[in-house]
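Worksheet for the structure shown next.
The values are calculated or read from the model by the stated rules, or taken from the named source; none is laboratory data. Computed from a predicted model, the values in this text were never measured in an experiment. Positions of Cβ are backbone-derived with ideal geometry, glycine not excepted, and every protein chain shown enters the neighbour counts.
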Amino acid sequence: MSLVGKKAPLFKAPAVVNGEEIVDDFSLDQYLGKKDVIFFFYPKDFTFVCPTEILAFQDKLKEFEKRNVAVVGCSTDTENSHLAWLSTPKNKGGIQSVTYPLVADVSKTIAVNFGVLAGHYDYNEEGFMVFEGKPIAYRGTFLIDKAGVVRHQVVNDLPLGRSIDEALRIVEALQHHEKYGEVCPANWEEGKEAMSATRDGVAEYLSKH
């Protein structure tokens, strides 16, 4: 399921903000009209690949904020699990020092609505409801613009860590397009030449490259 070009699903859920405060009704609505959002899912607290991603987003947080982008993480753990992990030093496997919000999707409805839950409910031959797969989120990353529309999404399987540099690059590409009206070709990076979305524009760009 692709959400690109569609409004991001709405939700209100508990979250930990500033690495220490639990709020009960966190929502991405607070950013509408104000900021673009990188909203990312990770499988589980107190695991192995996940802290490398979460801390890598924190390392790049100033770069996102410089571009007026909010970073928000989400997993199917509880807000209390988030808080415990955020209170655990990095040398003990924790993510202490992370300041951006982590949402608690305990009901798994946010992951379902964003199409990243790594399984589904079904009935077995005996008629009992069972969960097929894993009741955690894939590594989904969504770029949501100021109007609340999803402009980019990528979903990795559980063992595959994502590229935070690529998330930043796609933010830069969107903001370049919005500012200049140009489109961004393959492997475009901030500071490189883009092109006009016309046949002449494409021909000129290709002739140079």
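Only one residue in Leu83, Leu3 is outside the structural domain of Lys179 (by TED's automatic domain parsing), crowded, with 16+ Cβ neighbours inside 10 Å and in a loop (DSSP other than H, G, I, E, B), so which one is that?
On the way: Leu83 fails: in a loop (DSSP other than H, G, I, E, B).
Going through Leu83, Leu3 in turn, just one is outside the structural domain of Lys179 (by TED's automatic domain parsing), crowded, with 16+ Cβ neighbours inside 10 Å and in a loop (DSSP other than H, G, I, E, B): Leu3.
Looking at Ala70, Ala8, Ala56, Ala111 in this structure, which one is under 14 Å from the mean Cα position of the chain (by Cα) and more than 23 Å from Ile136 (Cα to Cα)?
On the way: Ala8 fails: more than 23 Å from Ile136 (Cα to Cα); Ala56 fails: more than 23 Å from Ile136 (Cα to Cα); Ala111 fails: more than 23 Å from Ile136 (Cα to Cα).
Selected residue: Ala70, the only one of Ala70, Ala8, Ala56, Ala111 that is under 14 Å from the mean Cα position of the chain (by Cα) and more than 23 Å from Ile136 (Cα to Cα).
Does Val103 satisfy being in a loop (DSSP other than H, G, I, E, B) and surrounded by 20 or more Cβ atoms within 10 Å (Cβ to Cβ)?
No, not satisfied.
Does any residue of the range 89-96 turn out to be in a strand (DSSP E or B), β-branched (Val, Ile, Thr) and assigned by TED's automatic domain parsing to the domain that holds Val154?
Applying the first criterion (in a strand (DSSP E or B)) to the range 89-96 yields none.
No - not one qualifying residue is present in the range 89-96.
Only one of these conditions is not met by Lys34: (1) of a type outside the set (S, T, N, Q); (2) in contact with a Phe, Trp or Tyr (Cβ under 6 Å, 6 or more places away or on another chain); (3) not in a helix (DSSP H, G or I). Which number is it?
Tallying (1) of a type outside the set (S, T, N, Q); (2) in contact with a Phe, Trp or Tyr (Cβ under 6 Å, 6 or more places away or on another chain); (3) not in a helix (DSSP H, G or I), Lys34 fails exactly one: (2).
If the requirement is being buried (at least 18 other Cβ atoms within 10 Å of the Cβ), farther than 19 Å from Lys66 by Cα and in contact with a strand residue (DSSP E or B) (Cβ under 9 Å, 6 or more places away or on another chain), which of these qualifies: Val202, Val155, Val171? Walk me through how you get there before you give the answer.
Working: Val202 fails: buried (at least 18 other Cβ atoms within 10 Å of the Cβ); Val171 fails: farther than 19 Å from Lys66 by Cα.
The match here is Val155.
Could you tell me which numbered condition Thr141 fails, if it satisfies all but one of (1) among the hydroxyl-bearing types (Ser, Thr, Tyr); (2) under 24 Å from Lys34 (Cβ atoms); (3) in a loop (DSSP other than H, G, I, E, B)?
(3)
Counting only residues that are assigned to a loop (DSSP other than H, G, I, E, B) and either more than 24 Å from Gln153 (Cα to Cα) or among the small types (Gly, Ala, Ser) (or both), how many does the range 7-21 have? It would help to see each step written out before you state the result.
At the first step, the residues of the range 7-21 found to be assigned to a loop (DSSP other than H, G, I, E, B) are 8-12, 18-20.
Cutting the leftovers down to either more than 24 Å from Gln153 (Cα to Cα) or among the small types (Gly, Ala, Ser) (or both) gives us 8, 18-20.
Residues in the range 7-21 being assigned to a loop (DSSP other than H, G, I, E, B) and either more than 24 Å from Gln153 (Cα to Cα) or among the small types (Gly, Ala, Ser) (or both): 4 in total.
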